[in-house]
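Data first, discussion second: the structure below is written as structure tokens.
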Amino acid sequence: MSEVYFANMRCAPNRGMLVKLSELCRKVGLKDIVAERDFVAIKTSFAEPGGTAFIPPIYIRTMVEEVKKAGGRPFVSDTNTLYVGGRAHALRHLQTAAGNGFTMETVGAPIIIADGLRGHDFQEVEIEGRLLKKVKIAAAFYQSDAFVVMSHLTGHEVMGFGGALKNVGMGMGSRGGKQQMHSDIKPSVNPERCTACAKCIEWCPAGAISIVGKGKEKHARIDRSLCIGCGECTVMCFQAAIQVRLTGVLENAQKKVVEYCMGALKGKEDKVAFFNFLINVTPDCDCWNYNDARAVEDIGILASRDIVAIEQASLDLLNERAGKDLFRSIYPAVDCQKQVDYAAEMGLGSKEYELISID
């Protein structure tokens, strides 16, 4: 049974959430994870321009300070996105990070885009997955000595939810790795619902979408030979005209993300700590240029050395607070529990946990 430490949202003078985060670092044994002069990647998301629900930089700065106290050399990092947005290459990514408040000055450590300028800097890692045998891990993460994974819990249209597994699996994969994880997702257009607004074209990184037809018959068309399966068009279509045939597809994507976790964590199993922020839990992930109202009231911060245990505890707490299967109520076609089950099945951790409150 794995230990998961929990700090709730109630605060008092001299005991705010930043103080509690530092205490969680002590409880989880950060000093045992970080050796003197270790390069320590603090993995988070810098989010998109327009987003507001991401983990605030002040929490990242607190973690930077704790890593330095432990003797490590921290940097704050993420990878480039597959889709066309504010983080498609390192230049734009760094500009977006700064715009959202993440700079050397605000967090106290360098900001590094882990897979380089165009997303081509990676190391291929061999794994014993059921779907994948090799994965492409971003170079800066591969070369790091230790990880601190800071994840903002949200809903997600493909995974059901985004937490530590998605933050590590999808977030530590290179752009080519992200394409590999999305490769089973091949959407199609319903011409009767399509209004030919062309919004999907703006977000397609592969140039696979065009507008065809005339007058009232105009609609988008996806060239499946060009489509890379990133799925961005499906969520940018507010007419729900672009859909994915779901049978087996989403489950495979969930499994591939888990298998990417296997590659990212390989050789670092004792050199990583996970922190899940159950704060501003929104229906959609931080990959979009907006955030809807939170789906459930704020719960707090979890910390663990076990990625499976912290994910299971996060889901249990969210469902208990919501009084229902929270993310299934948002995305009925996606069973997010399968992602956690598969991670346990593949040996990444245990679903059995002891929840230890520090309050």
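The values are calculated or read from the model by the stated rules, or taken from the named source; none is laboratory data. Keep in mind it's a predicted model, so treat the numbers as computed, not measured. Glycine also receives a Cβ, built like all others from the backbone with ideal geometry; neighbour counts cover every protein chain displayed.
Restricting A264, A273, A208, A240 to residues that are surrounded by 16 or more Cβ atoms within 10 Å (Cβ to Cβ), not assigned by TED's automatic domain parsing to the domain that holds N8 and not polar (S, T, N, Q) narrows the list to A208.
Of all residues in the range 287-320, those satisfying the criterion of being surrounded by fewer than 16 Cβ atoms within 10 Å (Cβ to Cβ) and either of a type in the set (S, T, Y) or free of Cβ contacts under 8 Å to residues at least 40 places away in the same chain (or both) are Y290, D292, A293, E297, D316, E320.
Consider the range 321-346 and keep the residues that are touching a residue at least 12 places away in the same chain (Cβ under 8 Å) and in a loop (DSSP other than H, G, I, E, B). The one that is nearest to R10 (Cα to Cα) is C336. Listed conditions (1) more than 17 Å from A139 (Cβ to Cβ); (2) out of contact with any Pro (no Cβ under 6 Å at 6 or more places or on another chain); (3) crowded, with 21+ Cβ neighbours inside 10 Å; (4) in contact (Cβ under 8 Å) with a residue 60 or more places away in the chain are all met by N100, apart from (4). Within the range 192-242, restricting attention to residues that are outside any loop (DSSP other than H, G, I, E, B) and of a type in the set (D, E, K, R), the residue that is nearest to Q179 (Cα to Cα) is E232. Selection of the range 308-359 for residues being acidic (D, E) and closer than 19 Å to A7 by Cβ yields E311, D316, E320, E354, D359. The C-beta contact set for the range 1-26 (first residue without any contact (Cβ under 8 Å) to a residue 24 or more places away in the chain, second residue surrounded by 15 or more Cβ atoms within 10 Å (Cβ to Cβ), distance under 8 angstrom, 6+ apart or interchain) comprises C11/M17; C11/K20. Starting from residues that are more than 15 Å from the chain's Cα centre (by Cα) and assigned to a helix (DSSP H, G or I), keep the ones in the range 243-261 and report whichever is modelled with the highest pLDDT. Among residues in the range 243-261 that are more than 15 Å from the chain's Cα centre (by Cα) and assigned to a helix (DSSP H, G or I), the one modelled with the highest pLDDT is N252. Kindly indicate whether any position in the range 287-305 is assigned to a strand (DSSP E or B), modelled with pLDDT under 95 and on the phi < 0 side of the Ramachandran plot. Scanning the range 287-305 turns up no residue that is assigned to a strand (DSSP E or B), modelled with pLDDT under 95 and on the phi < 0 side of the Ramachandran plot. The strands (runs of 3 or more DSSP E) located wholly in the range 62-127 that include 1 or more residues which are within 26 Å of R15 (Cα to Cα) occupy 73-78. None of A198, A164, A206 is touching a helix residue (DSSP H, G or I) at 6+ places or on another chain (Cβ under 8 Å) and of a type in the set (A, V, I, L, M) except A164. Filter the range 267-286 for residues that are in contact with a helix residue (DSSP H, G or I) (Cβ under 6 Å, 6 or more places away or on another chain) and either over 27 Å from G231 (Cα atoms) or part of a helix (DSSP H, G or I) (or both) and give the result. Those that are in contact with a helix residue (DSSP H, G or I) (Cβ under 6 Å, 6 or more places away or on another chain) and either over 27 Å from G231 (Cα atoms) or part of a helix (DSSP H, G or I) (or both): K271, A273, F274.
Here's the yes/no breakdown for (1) more than 18 Å from G155 (Cβ to Cβ); (2) within 18 Å of the chain's Cα centre (by Cα); (3) assigned by TED's automatic domain parsing to the domain that holds V168:
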{"site": "I307", "(1), (2), (3)": "yes, yes, yes"}
{"site": "L315", "(1), (2), (3)": "no, yes, yes"}
{"site": "D325", "(1), (2), (3)": "no, no, yes"}
{"site": "P332", "(1), (2), (3)": "no, no, yes"}
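May I ask you to list the residues in the range 82-97 that are of a type in the set (A, V, I, L, M, F, W, C) and free of Cβ contacts under 8 Å to residues at least 60 places away in the same chain? A90, L91, L94, A97 - these are the residues of the range 82-97 that are of a type in the set (A, V, I, L, M, F, W, C) and free of Cβ contacts under 8 Å to residues at least 60 places away in the same chain. For the range 136-177, the candidate set comprises residues that are in a helix (DSSP H, G or I) and among the basic types (K, R); within that set, the residue that is farthest from A240 (Cα to Cα) is R175. Looking for something surrounded by 16 or more Cβ atoms within 10 Å (Cβ to Cβ), in contact with a His (Cβ under 6 Å, 6 or more places away or on another chain), modelled with pLDDT under 90 and not acidic (D, E) - is there at least one such residue anywhere in the range 181-192? Within the range 181-192, none of the residues are surrounded by 16 or more Cβ atoms within 10 Å (Cβ to Cβ), in contact with a His (Cβ under 6 Å, 6 or more places away or on another chain), modelled with pLDDT under 90 and not acidic (D, E).
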